[in-house]
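Worksheet: one structure, shown below.
The values are calculated or read from the model by the stated rules, or taken from the named source; none is laboratory data. None of the values given here were measured: they were computed from a predicted structure. When we count neighbours, we look across all protein chains shown, and the Cβ atoms used for this are built from the backbone with ideal geometry, even at glycine.
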Amino acid sequence: MAIRNILTDDDPTLYKSSRVVTNFDKRLHTLIDDMAETLQKAEGAGIAAPQVGVLRRVCVVDVDEGEKPIELVNPEIISVKGEQVGREGCLSVPGVVGIVKRPMSVTVRAQNRNGGFFTVTGEELKARALCHEIEHLDGILYTDKVIRFLSKEEIENEE
């Protein structure tokens, strides 16, 4: 496993759509393992393959303490419920926090690293993270959806 460089929002790769994964091979497993390690080191809630320069529909979400990260290949949101408005940041937009509207609950259908299908439902933070990472796969950053950005003082006062 290896720590990969996280692209920042000035990189055009982040604004491109990712391709569907069709090969569930060792290269995919290495990518997922590297993404999980990179996410852990960066102390984020999730990471998508475009953030490490790979335009494939792969993301990792890690918001449940004590649980293994969720590895999602070719994820798609199949249902949403409710609404939440809250703080959001991104590893590719360091030091910037904004207010974003997201569903309160989402159900996602995806494949695992071996190609098997599964569904996962997330609420609150997990729903926010799933939506955020899946949008990365379509070249959308949270900054494209932000209601307003928080000032440095607002960020510091909440920490």
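Evaluated against (1) crowded, with 16+ Cβ neighbours inside 10 Å; (2) not in a strand (DSSP E or B), THR107 falls short on exactly one condition, (2). Of all the numbered requirements in (1) within 30 Å of LYS152 (Cα to Cα); (2) buried (at least 19 other Cβ atoms within 10 Å of the Cβ), VAL63 misses one, and that requirement is (2).
From the list GLY66, GLY95, which residue is at pLDDT below 95, more than 30 Å from HIS29 (Cβ to Cβ), part of a loop (DSSP other than H, G, I, E, B) and among the small types (Gly, Ala, Ser)? Lay out the reasoning, then the answer.
Values: GLY66 fails: more than 30 Å from HIS29 (Cβ to Cβ).
Just one listed residue meets the conditions, GLY95.
Suppose the filter is among the aliphatic types (A, V, I, L, M), in contact with a Lys or Arg (Cβ under 9 Å, 6 or more places away or on another chain) and not in a strand (DSSP E or B); does VAL54 pass it?
Taking the combined requirement at face value, the residue satisfies it.
THR30 meets the conditions (1) closer than 14 Å to HIS132 by Cα; (2) surrounded by fewer than 14 Cβ atoms within 10 Å (Cβ to Cβ); (3) of a type in the set (S, T, N, Q) in every case but one. The failed one is (1). Condition first: of a type outside the set (A, V, I, L, M, F, W, C), part of a loop (DSSP other than H, G, I, E, B) and touching a residue at least 60 places away in the same chain (Cβ under 8 Å). Now tell me which residues in the stretch 15-45 satisfy that. Correct list: LYS16, SER17, SER18. Summed over the stretch 37-58, residues that are out of contact with any His (no Cβ under 7 Å at 6 or more places or on another chain) and closer than 19 Å to VAL108 by Cα total 6.
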